[in-house]
Structure formats: C-alpha cells, structure tokens
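Inspection log for the structure reproduced underneath, given as structure tokens.
The values are calculated or read from the model by the stated rules, or taken from the named source; none is laboratory data. Keep in mind the model is a prediction, meaning the values are calculated, not measured. FYI the Cβ positions are ideal-geometry reconstructions off the backbone, even for glycines, and counts take in every protein chain you see. Accessible surface is based on the protein model in full, side chains and every heavy atom, while ligands, DNA and RNA are left aside. Shrake-Rupley method; radii C 1.70, N 1.55, O 1.52, S 1.80 Å.
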Amino acid sequence: MSRIVYVNGEYLPEEEAKISVFDRGFLFADGVYEVTSVLQGRLVDNAGHLARLHRSLSELEMDAPASDAGIEAIQNSLIERNGVQEGLVYLQVTRGAADRDFAYPEGVRPSLVMFTQVKNLLQSPQAERGISVITTRDIRWKRRDIKTVGLLAPSMAKMIAKRAGADDAWLVEYGQVTEGSSNNAYIVTRNGTLVTRQLGNEILAGITRKAVLELARTSDLKIEERAFTVQEATDAAEAFITSATTFVMPVVSIDGQPVGDGRPGPVTRRLRELYIRTALQEIEP
C-alpha cells in the first residue's frame, strides 16, 4: 500500500503528491524543517521540535502554516494512516509559491509538507558497534542555528565520508569541531568530562542535545560547553553524536584512529540507555 503524505491541506498517496515548481523551497531552499522521532506510535519530544520550528520561522521572517495543535494533529494522523510504530515524521515549511524573485514575496501562503518514514531506532546495530567518522572542512553558511532545508553542504560531507569508507563526517572550522553533518558532536575526556560545542550561530540547538545534557547533569557528569579540536577528539576516552533519529550514537573511530579502546564507552552507553528509558516513559499513555 502506498504511503500517505500531507501536502497543503491534503492527505495523498505519495505518487499523487505535488508541489508547485514556483515553490521557494524548490527554487531558493527558502524553507525550514523538523524531524520528530516516533516510538510505539507516539511522537517523542515534539513540543521541543515545534518550539525550534517557530524560532527558525521567526529568524527567516516566515509565517507559520498552522497552529501547533493543528500541526501535531496532522503528524498523528500520518502516523495512524501509515501504521508507524517506530520511525519518524518529517515536517517542512517553505515560504510558499511565487514568481521567481530573490526578494521575499508578500501575501504568500506558506507551504506545509509532511511524511513518515519507518526506521529501527531502538535496536540499532550501529549503536552496538559504534560508527566511524572523518573530519572535513565546514563549508556551510554562518546561520547553522536555523534548521533550513539548504542541506547541500552536509550532503557533500556525507558523501566525502562514504567515499572514505566512514559512516559520517565531523565538520571542522578554524581547527575546531562544529558538529556532525546532521547531528551534534561530543567527546568524553580521559578525566570523565563531557565536552560539546556551546550554542550559537555555529551549530544547531539540538532537541536531543538538550535532553541528553539534562540527563548528564542529573547523572552528576561534569560538562563543558565549549569548542574542542580534532586532536582533543582523537585523544578522548569516548565520543558520540546525538540527533532525533540516532538518539545517542557512539563514535569509535575518527580519521581512522580509534577513540579510546575502539568500542562504545560506558558514559555513551549509559546516556543512550537513559535517553531511551526517559523517552519511553514520557510517551506512556
């Protein structure tokens, strides 16, 4: 059976879904998005994702296409229509369709598109063995705190990693790691300190990042929110990434060098366990 998607007020089989060729998301990447994970048929930390959506829209002077309640109703309807128990809901808002002009058009209705993907989030083989990353130059624009659909640079980084035989890339600017191609980056120093880049225009304020740091604090882990170098990362005891669909994912190799003993470390495993347990408790009816 064809997957049902949502496009501007309609639920449609994906083969019948259409968007205007004049949509500014298509012409200018003039849009933003969010990805919310789904566990046991329920949205995880969706309020945080919707709050960040509003921030992205505000930074780009873009109108919201619907109320939060309306958006969440569509998300839940898609989950039900597609029978998703575990996976994600993708949500994209663009400025809308207008004749091609660099200046923002006035009086244009935003476009809203959503779809689901089935994905194994809890029992991930990668989480058991860890992933490898390479480092590459961060060539993205300077407003990475806005979750835009302009993802060509991260896609290029993913391909650099893939061609090098790695799972992902960590982006480097002025000798310091900013974040992963689609995730936030962390190290655990040999003295047990959790280090991750401070919030700012240089990185995305991850919703999972916020939750994991809160769990780390309640676990009495020492935390430093600061930039770290590639050398610090390769010298660390552990490393990991976080995102809405990877949760907490161990990094066991950087640029071909093992991190620690080359296996997922105890702090990373513990934070993943805590995050999953907390997420499941929060969605219990």
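With angles folded into 0 to 90 degrees, how steeply does helix 207-218 sit against the dominant principal axis of the chain? Use alpha carbons for both and round to 10.
So the helix axis and the longest Cα principal axis differ by about 40 degrees.
Leaving ligands and nucleic acids out of the surface, order Ser219, Ser58, Ser77 by accessible area at 1.4 Å, largest first.
The ranking, largest first, comes out as Ser58, Ser219, Ser77.
For each pair in Lys162/Lys222; Lys147/Lys210; Lys119/Lys142, compute the distance between the two Cα atoms and list the pairs where it is over 22 Å.
Lys162/Lys222; Lys119/Lys142
Can you give me the P(r) profile for region 1-92? Cα pairs, bins 10 angstrom wide beginning at 0, each as a whole percent.
Percent of pairs per bin, in order: 15, 46, 34, 5.
May I ask for the angle, rounded to the nearest 10°, between helix 266-282 and the longest principal axis of the chain, with both axes built from Cα atoms and the value confined to 0 to 90°?
It is inclined by approximately 30 degrees.
Scan region 141-235 for trypsin sites (Lys or Arg not before Pro) in coil per DSSP, keeping those whose Cβ has at most 11 other Cβ atoms within 10 Å, and list them by number.
Qualifying residues, ordered by number: Lys142, Arg190, Arg226.
Are there GluC sites (Glu not before Pro) in region 86-128 that DSSP marks as loop and that have at most 13 other Cβ atoms within 10 Å, and which are they?
Glu106
Taking 8 Å as the Cα distance limit and 6 or more residues as the minimum spacing, I'd like the relative contact order of region 215-285 as a percentage.
For region 215-285, the relative contact order is 27 percent.
For region 160-285, compute the orientation-averaged projected area of the C-alpha convex hull (one quarter of its surface), in nm².
That works out to 7.9 nm², a quarter of the Cα hull's surface.
In nm, give the distance between the simple-model label positions of Asp235 and Ser77, each being 7 Å from the Cα along the Cα-to-Cβ direction.
Going by the 7 Å Cα→Cβ label model, 5.6 nm.
Distances longer than 12 Å among the Cα atoms of region 82-143: what percent of all pairs is that?
Cα-Cα pairs in region 82-143 separated by more than 12 Å: 81 percent.
List the trypsin sites (Lys or Arg not before Pro) within region 86-120 that fall in a DSSP loop (any state other than H, G, I, E or B) and whose Cβ has at most 15 other Cβ atoms within 10 Å.
Those satisfying the criteria are Arg100, Lys119.
If the cut-off is a Cα-Cα distance under 15 Å, which aspartates and glutamates reach Lys158, setting aside same-chain residues fewer than 8 apart in sequence?
Straight-distance partners of Lys158: Asp138, Asp167, Asp168, Glu179, Asp255.
With n ≥ 4 as the cut-off for DSSP H runs, can you work out [θ] at 222 nm for the chain, using -39500 (n - 2.57) per run divided by the number of residues, rounded to the nearest 500?
-9000 deg cm²/dmol
Probe of 1.4 angstrom, ligands and nucleic acids ignored: what's the accessible area per residue over the chain, in square angstrom?
Per-residue value: 49 Å².
So how much accessible area does Ser182 have, in Å² to the nearest 10, using a 1.4 Å probe?
Ser182 has an accessible surface of roughly 70 Å² with all protein chains in place.
Which whole-number percent gives the relative contact order of the chain, counting Cα pairs below 8 Å spaced six or more residues apart?
Reported relative contact order: 17 percent.
Go through Trp170, Trp141 and list them by solvent-accessible area, largest first, probe radius 1.4 Å.
From most exposed to least exposed: Trp141, Trp170.
Using modelled backbone amide H atoms (1.01 Å from N, in-plane), which distant-in-sequence or interchain residues come within less than 5 Å of Ile254's amide H?
The answer is Val133, Val259.
Please report, in whole Å, how far the alpha carbons of the chain spread along each principal axis, starting with the longest.
55, 45, 33
Of the heavy-atom accessible surface of the chain (probe 1.4 angstrom), what whole percent is carbon and sulfur?
Exposed carbon and sulfur together represent 50 percent of the surface.
Hey, any idea what the orientation-averaged projected area of the convex hull of region 111-174's Cα atoms comes to, in nm²?
Mean projected area of the Cα convex hull: 6.4 nm².
Measure nothing but the geometry: give the 0 to 90° angle between the long axis through the Cα atoms of 152-163 and the longest principal axis through the Cα atoms of the chain, rounded to 10°.
Roughly 50 degrees, rounded to the nearest 10.
So how do Glu34, Glu225 rank on accessible area, 1.4 Å probe, biggest first, that is with the largest at the start?
Result of the area sort, largest leading: Glu225, Glu34.
Sequence gap at least 6, Cα distance under 8 Å: using those rules, report the relative contact order of region 123-199 to the nearest whole percent.
Relative contact order comes out at 26 percent.
If each residue of separation counts as 0.36 nm, what is the full-extension length gain between Arg109 and Met159 once their alpha-carbon separation is subtracted?
Once the chain is fully extended between Arg109 and Met159, it gains 14.5 nm.
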